[in-house]
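A quick write-up on the structure given underneath.
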Amino acid sequence: MTYAGLKSFIYAGFSKDDPRVVAAMKWISQHYSFDENPGLGKQGLFYYYHVVAKTLSVLGVEKLKTADGELRDWRKDLATTLEDQQREDGSWVNEADRWYESDPVLVTSYALLALVYCEPLPATGSQK
């Protein structure tokens, strides 16, 4: 929910220097993972993927510095994670059934929404 709260701060016009935004980004850096939904394991994992991708995209984050100081390309990490979890029929499903994430229609929707945000941001400026 840190990601959802952070996204709300940005939409509300908070600056990236606001202490609440800084605190949320610190938590995100300390808990960066696509192996699990931090604190919940596999529960709500695909909704988490979608909210992570949307939030980091809204913030314009290209690389995320993790707690160990490593710069991570979150788009690449997430796209790779989703690619690895895609089923043969093209769908995704979460074996953790909480919040209906065993429903391939719902989970595939979350996965596809997350993948949309994995596209690099368009370059700014004029192109000829």
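The values are calculated or read from the model by the stated rules, or taken from the named source; none is laboratory data. What you are looking at is a predicted structure, and each value in this text was computed from that prediction instead of being measured. Quick reminder, even Gly has a Cβ in these numbers, built from the backbone with ideal geometry, and neighbours come from all protein chains shown.
Output the residues belonging to the range 82-114 that are out of contact with any Ser or Thr (no Cβ under 8 Å at 6 or more places or on another chain), crowded, with 18+ Cβ neighbours inside 10 Å and free of Cβ contacts under 8 Å to residues at least 60 places away in the same chain.
Selection gives Leu82, Glu101.
Looking for something closer than 16 Å to Leu6 by Cβ, of a type outside the set (Lys, Arg) and in contact (Cβ under 8 Å) with a residue 40 or more places away in the chain - is there at least one such residue anywhere in the range 29-42?
For the range 29-42, residues closer than 16 Å to Leu6 by Cβ, of a type outside the set (Lys, Arg) and in contact (Cβ under 8 Å) with a residue 40 or more places away in the chain: present.
Hey, Asp68 hits all of (1) among the charged types (D, E, K, R); (2) exposed (fewer than 13 other Cβ atoms within 10 Å of the Cβ); (3) modelled with pLDDT of 95 or more but one; which does it fall short on?
(3)
Look through the range 13-65, keep the residues that are under 30 Å from Val105 (Cβ atoms) and of a type in the set (S, T, N, Q), and return whichever of them is surrounded by the fewest Cβ atoms within 10 Å (Cβ to Cβ).
Once the filter is applied, the top-ranked residue is Ser33.
Scan the range 2-57 residue by residue and report those that are of a type in the set (Asp, Glu) and within 13 Å of the chain's Cα centre (by Cα). Steps first, answer last, please.
Taking the range 2-57 and keeping what is of a type in the set (Asp, Glu), we get 17-18, 35-36.
Those that are of a type in the set (Asp, Glu) and within 13 Å of the chain's Cα centre (by Cα): Asp35, Glu36.
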